[in-house]
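Below is one structure, written out as structure tokens; comments come after it.
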Amino acid sequence: SHLFEQLDMTARTNDLECWKLFCLVVEKQGLNAAADFADIEPSRLSRVINSLEAELGSPLLVHNRRPLQTTSFGDQAYAMAKALLAQHALMLETLKGDKDRMKGLITLAIPAGIGPLFVTPQLLEFQQIFPKIEFELITLTSKAEEVFYNHPDKVVHVSIGYGVPGTGDIVSRYSGKMEFIPCCSPGYIKKHGHIVDPSECAAHTGLSYTGGTRTKTQELQNGGVVKQLKWKKSLSFQSLSDLKNACLLGAGIAGDIPLIHCIDELEEGKLINVLPGWKRPAAGCYLYSTKHFVKYRRVKTFLDWMAEKHRELLEQIDNRVRLLA
């Protein structure tokens with residue numbers, strides 16, 4: 001049975017399940033989408049929101065408005081509810097967990113598309129060493145060091161992504177640098193000609209990544225020279241897999257595909273490195289956790305082990321690039 005099937009629809013503001021549903025409505029940007037995700041009827045979900053609003057005496061949502069909007073009061077309630085739910089999840093994890101056991105669940109947040117090379121084989125290897133460890137993977141939609149604070153109803157133990165060394169309550173393990181490669185398909189070059197300088201981008205179609213795990217690339221560097229990227233027309237993607245597929249189909253030039261996503265295609269000649277010498281600056285790759293969770297043996301062991309595996313992988317990729325050059 002689903003988590004919310006037993007929900008009492010007369011529940012008031014002290015019911016955490018009601019606040020989970022309210023946060024879900026905000027995050028899914030609509031009652032129907034949230035109801036589909038929670039596997040409940042939209043009418044039941046609507047009654048939950050109405051019940052909260054009636055007890056609080058103020059509207060949380062701007063009703064009869066598409067797309068969904070929260071009121072200023074709703075924005076305040078959402079921020080406070082997220083913090084409350086995160087603290088509740090952390091409380092349960094702390095009370096139920098045995099810090100010294102190499103047993104239990106590790107929830108791992110990763111950018112979309114890196115699983116087949118950068119995550120899944122390593123998790124399987126780790127489970128061979130520690131067979132009582134289980135993993136749950138969630139897709140990272142924000143910067144890796146921020147996910148511990150913006151996931152309201154789930155404890156995240158470890159995240160992987162680009163960033164900077166951890167500060168405050170965030171701890172990190174550095175695993176190397178990721179290069180971003182301007183590239184396109186041989187078919188695009190054949191049709192539109194070679195491109196060697198960013199000033200030529202004004203005659204081409206640009207493919208860009210606009211997902212939440214890093215900022216959009218708007219300029220490239222070559223030594224100490226910086227030039228803006230200005231395209232004749234552009235296509236934006238929130239998924240790196242979609243971006244790469246469009247590039248392979250000859251839809252345009254991608255200014256910044258991470259090397260881990262394109263090394264195979266560069267070796268096979270399916271993609272060509274263009275704009276020689278011009279790149280978005282390399283980004284540091286990190287694994288993150290929190291000071292609270294590195295006290296757990298299973299989390300710290302995994303964090304250190306996975307960082308070493310990623311260092312080895314990034315070194316292998318660097319060697320493959322040198323052979324290409």
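The values are calculated or read from the model by the stated rules, or taken from the named source; none is laboratory data. Quantities reported herein were computed from a predicted structural model and do not represent experimental measurements. Glycine gets a Cβ as well: all are built from the backbone with ideal geometry, and neighbour counts include every protein chain shown.
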Number of the condition not met by CYS184 [criteria: (1) under 20 Å from the mean Cα position of the chain (by Cα); (2) over 14 Å from LEU229 (Cα atoms); (3) not basic (Lys, Arg)]: (1)
Identity of the residue in segment 115-149, closer than 26 Å to GLU315 by Cβ and charged (D, E, K, R), that ends up nearest to the chain's Cα centre (by Cα): LYS143
Residues that are assigned to a helix (DSSP H, G or I) and touching a residue at least 40 places away in the same chain (Cβ under 8 Å), drawn from segment 112-124: LEU117, PHE118, VAL119, GLN122
Matching residues in segment 131-141 - criterion: being buried (at least 16 other Cβ atoms within 10 Å of the Cβ), touching a Ser or Thr at 6+ places or on another chain (Cβ under 8 Å) and over 22 Å from THR167 (Cβ atoms): PHE135
Test: residue in segment 68-90 that is at pLDDT 80 or above, under 17 Å from PHE135 (Cα atoms) and over 25 Å from the mean Cα position of the chain (by Cα): no
Cβ pairs under 7 Å, 6+ apart, first in segment 21-38 and of a type in the set (S, T, N, Q), second assigned to a helix (DSSP H, G or I): ASN32/PRO42
Segment 142-176, residues that are under 17 Å from ALA86 (Cα atoms), among the polar types (S, T, N, Q) and surrounded by fewer than 22 Cβ atoms within 10 Å (Cβ to Cβ): SER142, ASN150
Residue in segment 126-134 that is closer than 28 Å to ARG214 by Cβ and either assigned to a helix (DSSP H, G or I) or at pLDDT 80 or above (or both) present: yes
Helices (runs of 4 or more DSSP H) contained entirely in segment 180-286, each with at least 3 residues that are buried (at least 18 other Cβ atoms within 10 Å of the Cβ) and of a type outside the set (Ser, Thr, Tyr): 240-248, 259-268
Matching residues in segment 234-288 - criterion: being out of contact with any Gly (no Cβ under 7 Å at 6 or more places or on another chain) and on the phi > 0 side of the Ramachandran plot: GLY269, LEU275, GLY277
